[in-house]
Structure formats: C-alpha cells, structure tokens
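> Shown below is the structure under consideration.
Readers should treat all values here as calculations from the given coordinates under stated rules, not as data from a laboratory. On a predicted model such as this, the values are computed, not experimentally measured, just so you know. Quick reminder, even Gly has a Cβ in these numbers, built from the backbone with ideal geometry, and neighbours come from all protein chains shown.
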Amino acid sequence: MTGPALSVGRARTNLRKWMRDDATMVENLSKEQLQGILETIPVEISFVDDNDLVQFWNKHETRIFKRPVSVIGKPVQNCHPKK
C-alpha cells in the first residue's frame, strides 16, 4: 500500500489509538475527580441520553436555568413545557 491509501490507514490506526488512550484517561479518574472536573469547568453542561432523558447537569454558579433534582430521569421535553 502506498500514497493516499497508506495515509488513510495510518489515520484510522492513529484515531483508534487516540480513542483507546482517551478512554483509558477517563477510566483512570475516580468518580470524585470526574465530578470535580465537571463542576469546575466554567460552562454549563447538561447531558441527555439516547432516550431524551435528562441524566446529568453540572451546578455551575452562573447557570441560567436552575433545575430541581427531580428532573433527573425525566424527558428533556418536560424541562421546557409549552406555555
């Protein structure tokens, strides 16, 4: 293999290695460390799963929309009901 095909093959190999290394980095964090990172990032983060259920948000102090814990596990559509 030579030329572009070799470059694509190397890129795929590098991407797989990067993804594997990246996953290992996250796996090496404790729950407390990961929570600390998510809580200190200077942006609001919300996570909604594949089923449109709210699973997580950080408690960033500048959060525009305050949310009660009871929203966890509920459909994201319920967070902003129609008026």
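> Which FRET efficiency value, to the nearest 0.05, is calculated for residue 41 and residue 80 with the Förster distance at 25 angstrom and r the Cβ-Cβ distance?
So, using R0 = 25 Å, E works out to roughly 0.60.
> Please work out the ratio of the alpha-carbon Rg of the stretch 42-83 to 2.2 N^0.38 Å and round it to two decimals.
1.15
> Under a plain spin-label model, where a point goes 7 Å from the Cα along Cα-to-Cβ, how far apart in nm are residue 64 and residue 52?
Each label point is offset 7 Å from its Cα along the Cβ direction, giving 2.1 nm.
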